[in-house]
Amino acid sequence: NGIPEDAFDMIIGNLIDDPEIQRTVGENAYDLVTANILADVLVPLMPAV
């Protein structure tokens, strides 16, 4: 896709259960967040993102 690896951060994991990921996303601001999961999983995550 032509986007250099140093131009983005990729975080793979479970935001609900992983405290390290919770700290990481809680301390940073993001212009774009994508996920490949179902809406019924995303809705409960909204307060954490």
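Please treat every number below as a calculation from the coordinates, not as lab data. On a predicted model such as this, the values are computed, not experimentally measured, just so you know. In this analysis, Cβ positions are derived from the backbone assuming ideal geometry, glycine residues included, and neighbour counts consider all displayed protein chains.
With θ set to phi - 60° and the Karplus curve 6.51 cos²θ - 1.76 cosθ + 1.60, what are the ³J(HN,Hα) couplings of the range 17-26 in order, to the nearest whole Hz, using x for Gly and Pro?
9, 9, x, 5, 5, 4, 5, 4, 6, x
Give me the one-decimal nm value for the distance between modelled label points at N14 and L32, 7 Å along each residue's Cα-to-Cβ direction.
2.8 nm
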